[in-house]
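Written below as structure tokens is the structure these notes are about.
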Amino acid sequence: MGNIFDKRGIVPPASTREEGREVFEMLLSASLPAGEGVRVERILSFGQQNGEWYDQAWDEWVMVARGEAVLEWGDGSTTALGAGDYLLIEAHRRHRVLRTSFDCVWLALHLGGE
């Protein structure tokens, strides 16, 4: 899991006084078979608890933009996410949203699938 706001370990450009200097970091790179689509969603959660189980045939990159959420995996382990946290849910990794804060906003990138 990563966090979009985390700058730890990032080396600033040679001169921090120069304007317009940026650092680019790869968050996700994927190749899709011809004809496979990409879908971006904004998901608004309002204190969800014990959501339905998913076993998707495609990869899904998710980021919590605001609020908090906990994902539960098929093996019973959990992952807590806060604002800025992101991760890749690989195809057929069974999961569900165990709970969210009332103000939870997600970004989801679906790589292939429906």
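Please work out the FRET efficiency for the pair Met1 and Val38, using the Cβ-Cβ distance as r and a Förster radius of 22 Å; give the result to the nearest 0.05.
0.55
What is the local net charge at Gly82, summed over the other residues whose Cβ is closer than 14 Å to its Cβ (Lys, Arg +1; Asp, Glu -1)?
So the surrounding residues net to -2.
When Kirkwood radius over Cα pairs in Å is calculated directly from the model, which label among (i) 15.0; (ii) 13.9; (iii) 15.7 fits?
Matching entry in (i) 15.0; (ii) 13.9; (iii) 15.7: (iii).
Going through segment 14-114, which trypsin sites (Lys or Arg not before Pro) have at most 16 other Cβ atoms within 10 Å and a DSSP loop state?
Arg17, Arg21, Arg93, Arg94
Explain nothing, just the number: dipole magnitude of the chain about its Cα centre with +1 on each Lys and Arg Cβ and -1 on each Asp and Glu Cβ, in debye rounded to the nearest 20.
260 debye
Just so you know, all these numbers are worked out from the coordinates, no wet-lab data involved. Since this is a predicted model, take the numbers as computed values, not measurements. Methodologically, a virtual Cβ is constructed for each residue, glycine included, from the backbone with ideal geometry; neighbour enumeration extends over all protein chains shown.
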